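**Student:** Got a structure for you, written out below as structure tokens; questions coming shortly.
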Amino acid sequence: MNDIKKICNATNLKYLAVALMFLDQIYQMFGSMGAPIWLTMLGRLSFPIFLFLAADSFHYTHDRMSYLRRLLYMSWFMTIGNTIIGSLFHNGDIGLTNNAFSTFFITGIFICSWDLLAKGLRDKSNKELIQGIGVFLLPILSSIPVVILAGIFETPHANPIVVQIVAFILSLVPSIIMVEGGFVMVILGLLFYIFRTNRMAQIIVLVVISVIAHLFDPTGVQWMMVFAAIPMYFYNGERGSGNKNFFYIFYPAHIYLLWILASLFR
């Protein structure tokens with residue numbers, strides 16, 4: 001067990017999550033062509049591991065604003081890239097909407113809100129409480145135009161070109177209803193942060209959310225993410241050798257490569 005804990009640093013867990021994510025994307029792109037479902041079953045572990053590590057990163061980073069800006073810029077990059085690649089290469093009925101950076105960004109916003117609220121309560125500071133509430137509401141309020149315009153553009157007289165342009169602009173605005181994995185992943189990331197000093201509490205949170213996922217979708221495989229508790233349990237809290245830019249490069253590169261290959265094989 002000591003040997004396992006020795007190698008379970010942040011870098012190695014990140015590479016594990018990357019490998020599992022790669023399997024998941026193979027299924028997403030090639031599932032309709034016969035890719036086995038066990039690929040995505042294993043892939044369900046990747047997002048919780050990434051969120052678990054992101055919670056640690058938000059706690060230890062010396063410059064949260066720089067971290068958030070990097071995630072926001074990469075979210076924009078993925079939105080633009082998805083639009084371009086998705087229009088040039090087609091993969092049947094599958095849509096190119098992958099953008100985990102948006103999920104990490106929104107999670108970071110809620111983490112900042114949590115810290116402001118906690119500090120405001122501790123210091124009895126109304127200013128920080130108001131700031132915390134304001135930050136918390138940002139991703140929620142930014143969802144309102146999406147909901148309103150979605151209803152308007154579903155009318156039969158809506159201009160399709162205008163719809164596409166407005167939809168693209170709105171997709172650049174981070175909101176809780178336009179994040180990969182859904183709002184539940186944002187909640188999971190926030191709870192990982194809140195309970196970052198209690199590993200068992202983090203694992204319990206993961207188990208509860210996995211059970212909820214199964215109850216809402218009994219035939220799905222999202223519940224498989226519960227097995228991310230195993231690498232989480234053995235995480236030793238060390239950073240490892242690290243290559244913080246690896247994921248920023250690999251994530252869009254492997255998605256677009258697999259998407260293009262899948263479109264060519266159709």
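The values are calculated or read from the model by the stated rules, or taken from the named source; none is laboratory data. Because the structure is a prediction, the values reported are computed rather than measured. A quick note on method: Cβ atoms are made from the backbone with ideal geometry, for glycine too, and the neighbour counts reach across all protein chains shown. What goes into the accessible areas is simple: the full protein's heavy atoms, side chains included, and nothing from ligands, DNA or RNA. Shrake-Rupley method; radii C 1.70, N 1.55, O 1.52, S 1.80 Å.
**Student:** Averaging sequence separations of C-alpha pairs under 8 Å and six or more residues apart, then dividing by the length of the range 65-114, give the relative contact order as a whole percent.
**Tutor:** Relative contact order comes out at 50 percent.
**Student:** For the range 1-143, what is Rg from Cα atoms divided by 2.2 N^0.38 Å, rounded to two decimals?
**Tutor:** The value comes to 1.29.
**Student:** When each pair of different Cα atoms in the range 80-141 is counted once in the 1/r mean, what is the Kirkwood radius in angstroms, to one decimal?
**Tutor:** When all Cα pairs of the range 80-141 are included, the Kirkwood radius is 13.9 Å.
**Student:** Now a separate question. If you take the C-alpha gyration tensor of the range 1-64, multiply each eigenvalue by 5 and take the square root, what semi-axes do you get, largest first, in whole Å?
**Tutor:** The three semi-axes for the range 1-64 are 28, 16, 7 Å.
**Student:** If you split all Cα-Cα distances of the chain into 5 Å bins from zero, what percentages do you get per bin, shortest first?
**Tutor:** 1, 6, 11, 15, 18, 17, 15, 9, 5, 2, 1, 0, 0, 0
**Student:** Next up: Calculate, for T219 and I165, the FRET efficiency according to 1/(1 + (r/R0)^6) with r their C-beta to C-beta distance and R0 22 Å; round to the nearest 0.05.
**Tutor:** Numbers: r = 37 Å, r/R0 = 1.68.
That gives a FRET efficiency of 0.05.
**Student:** Below 8 Å between Cα atoms, with a sequence gap of 6+, how large is the relative contact order for the chain in percent?
**Tutor:** Result for the chain is 31 percent.
**Student:** Still on this structure: In nanometres, what is the gap between the two model label sites at H90 and N236, each 7 Å from Cα along Cα-to-Cβ?
**Tutor:** 5.2
**Student:** Accessible area per residue, 1.4 Å probe, Å², for the range 78-137: what's the number? Each step should come with its number before you reach the end.
**Tutor:** Working: 3050 Å² over 60 residues.
Each residue of the range 78-137 exposes 51 Å² on average to a 1.4 Å probe.
**Student:** Quick check on the range 183-256: take the gyration tensor over C-alpha atoms, sort the square-rooted eigenvalues as a ≥ b ≥ c, and tell me if it's rounded (a/c under 1.5), prolate or oblate.
**Tutor:** oblate
**Student:** Taking the simple approach of a point 7 Å from Cα along Cα-to-Cβ for both Y248 and M65, what is their distance in nm?
**Tutor:** Inter-label distance under the simple model: 1.8 nm.
**Student:** May I pose another question? Percent of accessible area on the chain owned by carbon and sulfur, 1.4 Å probe?
**Tutor:** Carbon and sulfur atoms account for 70 percent of the accessible area of the chain.
**Student:** Given +1 on the Cβ of Lys and Arg, -1 on the Cβ of Asp and Glu, and no further charges, what dipole in debye does the chain carry about its Cα centre, rounded to the nearest 20?
**Tutor:** 660
**Student:** Please compute the length gained on full extension between V208 and F77, using 0.36 nm multiplied by the number of residues separating them and subtracting their Cα-Cα distance.
**Tutor:** Fully extending the segment from V208 to F77 adds 43.8 nm.
**Student:** In debye, nearest 20, what is the charge dipole magnitude of the range 5-83 about its Cα centre with +1 on Lys and Arg Cβ and -1 on Asp and Glu Cβ, if you could check?
**Tutor:** My answer is approximately 200 debye.
**Student:** Take the Cβ-Cβ distance between I37 and I177 as r, set R0 to 22 Å, and report the resulting FRET efficiency rounded to the nearest 0.05.
**Tutor:** Efficiency, rounded to the nearest 0.05: 0.20.
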